[in-house]
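J.: So that we are looking at the same thing, I have put the structure below in structure tokens.
The values are calculated or read from the model by the stated rules, or taken from the named source; none is laboratory data. Quantities reported herein were computed from a predicted structural model and do not represent experimental measurements. Using ideal geometry, Cβ is built from the backbone for each residue, glycine included, and neighbour counts are taken over all protein chains shown.
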Amino acid sequence: MNTIRTLAAATLVAGALLSSSAADSTARAVEDPYVMEINPFKDGLDSWERTGKDKAFTWDREGATLTVKGQSGKEVPVLLYPGFRAEKFEVSLRVKKFARKLKLLLRPSTGAEDVTLEIPKGYVKDAWNEFLLRVASGKAVLLSGEEEAASVDLPADASFRFGFDGSYGGDGVVSDLRIVQRYENPPQFCEEGFTSVFDGATMGPWRPHKPEMEPLFTIDSGLLIGEVRAEDFGMLALVTQKYKAYDFRLRALWGSDYLEVRAVEVPGLGGIVNKMDTIQTKLSDYLRRDGMTDIGIRVENGKCVIVVDGKTVLDVATAEFGETFVSLILTKGKKFLLRDLRIRDLAAGAAPPEPRRDVRPDPGPVDDDAKDGPGKETRAPPPPGWKATPEGSGFTGEGASWECAEAGEDGAALLSEAGRASTYTLRFRAAKGAEGLSLVPRALRDPLRDSGMRLDDALFEGEWNEVQLRMELLTAKVTVNGKSAGSLEVSSAVGPPALRVSPGGSVRIEGLALDTGK
């Protein structure tokens, strides 16, 4: 995940165009681009989840068949396919002759009890018998040809995973299993208190970063589709208004293989975005390839929190900012398919926004990972460099990422090459378990000997920990994860910062950034 902060490196039937670059081992494109087909037996049973006795389910690799042999015991054996869940889908399969009490299983997302359908014995008289399980509208129906063989009611407001029940007495052999999902285009979803910012038919309040980017974004079947081919990047901004605080939600469908969100945009000098305080996060690793991904971005009370499918993937403090645009970003060779975009203004006394179509923001460049610069004239200047000192003492890395696995017998230091400054802000993230880390506000002679602030090892208990050193003339103040970690009065009004690790200590750093206000 890519975040530009130089934090660096930051219920609907889903579906849409599945590009070859987005396909994984379980999903493939078919002739109809709005249909997704999954072969759960592609890797045998390696990707399935099992509970209960293992011998209830066996896989014949040569014949590509699953044998179910029901077992007794305290725990009912279950074979569950974890790579798929939806409210509405179909499962096709073939069942060998003489199967009896063979049960198909649907597991609700709500935590309700599993639902099973038993394949009637009278429908498995041929050598191989074809069935279609159709899950939709609160009901699961098992079809043999055009005839309904069995059905069962389903819990409301739930999506389902598919599997097999291996309880005692059930026997059968299964092959040619396929899960099929078809895209549908219901009205755009928007819960109470939110304002829809996409009607499924027009771009509405969304505008490209540059006029020449307009062809990169289209609308089809209620989907906002972005696809970047030869261009370096594509960027859309929500120009309804700027926000002091907001809750923005959207859904990415299975053809999406890239999505980057600029959640907080802080202006810098000369109209260039302040990359150190801007929060821009790549969410590509969290996009589901076999369904819909729910994404929520909330900026409020000095924090930015991003949640994907109920899991918090980013929770960071924001720098002070006035108002911000919200932007969506694509990089070369990638695409996204989005719908159900809606936002709630969380600022005190905020009224529902009115669309303004005469505003085109200039969000500035995005991060280097997106290869985003529209040109050198608008790209932010490179951050100041850093050097390990003394050479070979323990620090290795470059740019904003450094690591000291074990400092030498005299310690190790990382010195800024930005020059002497009276006021600056230093920010970085330190990984869990940092030991022996000190901050040196004014490294004037030898960063291994200059006066510094030793940070308590207990401060670095999170996976990643936000560290900030604020230097104003003779006073240095440090915070870790937004909380005060100490202060220091220094004797010199100017000088560069440094990081120091005690002998034998260790630290891993990302997003190292220094703002001198120049």
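J.: Would you be able to say whether some residue in the range 179-190 is part of a strand (DSSP E or B) and more than 30 Å from F248 (Cβ to Cβ)?
T.: Checked against the condition, which is being part of a strand (DSSP E or B) and more than 30 Å from F248 (Cβ to Cβ), the range 179-190 yields at least one hit.
J.: Among the residues of the range 322-351, write down those that are of a type in the set (D, E, K, R) and in a loop (DSSP other than H, G, I, E, B).
T.: E323, K332, K334
J.: Residues in the range 170-187: is at least one within 23 Å of I297 (Cβ to Cβ) and in contact with a Lys or Arg (Cβ under 8 Å, 6 or more places away or on another chain)?
T.: For the range 170-187, residues within 23 Å of I297 (Cβ to Cβ) and in contact with a Lys or Arg (Cβ under 8 Å, 6 or more places away or on another chain): absent.
J.: May I pose another question? Kindly indicate whether S484 is surrounded by fewer than 16 Cβ atoms within 10 Å (Cβ to Cβ), assigned by TED's automatic domain parsing to the domain that holds G394 and in a strand (DSSP E or B).
T.: So S484 fits the description; yes.
J.: If you go through the range 92-114 one residue at a time, do you hit one that is buried (at least 18 other Cβ atoms within 10 Å of the Cβ), assigned by TED's automatic domain parsing to the domain that holds S151 and at positive phi?
T.: No, every residue in the range 92-114 fails to be buried (at least 18 other Cβ atoms within 10 Å of the Cβ), assigned by TED's automatic domain parsing to the domain that holds S151 and at positive phi.
J.: Report yes if T312 is part of a strand (DSSP E or B), out of contact with any Ser or Thr (no Cβ under 9 Å at 6 or more places or on another chain) and among the hydroxyl-bearing types (S, T, Y), otherwise no.
T.: yes
J.: Can you confirm whether S451 is assigned by TED's automatic domain parsing to the domain that holds E403, in a loop (DSSP other than H, G, I, E, B) and among the small types (G, A, S)?
T.: So S451 fits the description; yes.
J.: Taking A317 as the residue in question, decide whether it is small (G, A, S) and at pLDDT below 90.
T.: no
J.: Looking at D450, D457, which one is of a type in the set (D, E), in contact with a strand residue (DSSP E or B) (Cβ under 7 Å, 6 or more places away or on another chain) and more than 12 Å from P496 (Cα to Cα)?
T.: Exactly one residue qualifies, and that residue is D457.
J.: Separate question: Restricting the range 459-505 to residues that are among the small types (G, A, S) and within 29 Å of the chain's Cα centre (by Cα), which is modelled with the lowest pLDDT?
T.: Per the stated criteria, the residue is G482.
J.: If Q181 passes every condition in (1) more than 18 Å from L133 (Cα to Cα); (2) modelled with pLDDT under 95 but one, which one does it miss?
T.: Here Q181 clears every test but (1).
J.: In the range 208-232, how many are of a type outside the set (D, E) and more than 16 Å from L337 (Cα to Cα)?
T.: Adding up the residues that qualify gives 5.
J.: Just name the residue that is farthest from E113 (Cα to Cα) out of those in the range 135-163 that are buried (at least 20 other Cβ atoms within 10 Å of the Cβ) and under 29 Å from the mean Cα position of the chain (by Cα).
T.: Step by step, filter the range 135-163, then rank; the result is V135.
J.: Only one of V228, V174 is among the β-branched types (V, I, T) and not assigned by TED's automatic domain parsing to the domain that holds W254. Can you tell me which?
T.: V174
J.: Here's another thing I want to ask about it. When the residues of the range 56-74 are filtered to those that are surrounded by fewer than 16 Cβ atoms within 10 Å (Cβ to Cβ) and among the small types (G, A, S), which remaining residue is modelled with the highest pLDDT?
T.: Taking the candidates together, the pick is A64.
J.: Then there is this: How many of the residues making up the range 233-274 are among the charged types (D, E, K, R), in a loop (DSSP other than H, G, I, E, B) and out of contact with any Pro (no Cβ under 8 Å at 6 or more places or on another chain)?
T.: 2
J.: Something else: I'd like the full set of residues that are over 26 Å from the mean Cα position of the chain (by Cα), small (G, A, S) and farther than 27 Å from E75 by Cα, limited to the range 164-207.
T.: Residue satisfying the conditions is A201 alone.
J.: Please determine, by comparing only the residues of the range 394-417 that are surrounded by 18 or more Cβ atoms within 10 Å (Cβ to Cβ) and either more than 14 Å from S438 (Cβ to Cβ) or not assigned by TED's automatic domain parsing to the domain that holds S438 (or both), which one is modelled with the highest pLDDT.
T.: Among those that are surrounded by 18 or more Cβ atoms within 10 Å (Cβ to Cβ) and either more than 14 Å from S438 (Cβ to Cβ) or not assigned by TED's automatic domain parsing to the domain that holds S438 (or both), it is W402.
J.: Can you find a residue that is aromatic (F, W, Y), touching an Asp or Glu at 6+ places or on another chain (Cβ under 7 Å) and surrounded by 13 or more Cβ atoms within 10 Å (Cβ to Cβ) anywhere in the range 79-86?
T.: Yes, the range 79-86 contains at least one residue that is aromatic (F, W, Y), touching an Asp or Glu at 6+ places or on another chain (Cβ under 7 Å) and surrounded by 13 or more Cβ atoms within 10 Å (Cβ to Cβ).
J.: Yes or no: the range 489-504 includes at least one residue that is in a loop (DSSP other than H, G, I, E, B), among the polar types (S, T, N, Q) and assigned by TED's automatic domain parsing to the domain that holds A407.
T.: yes
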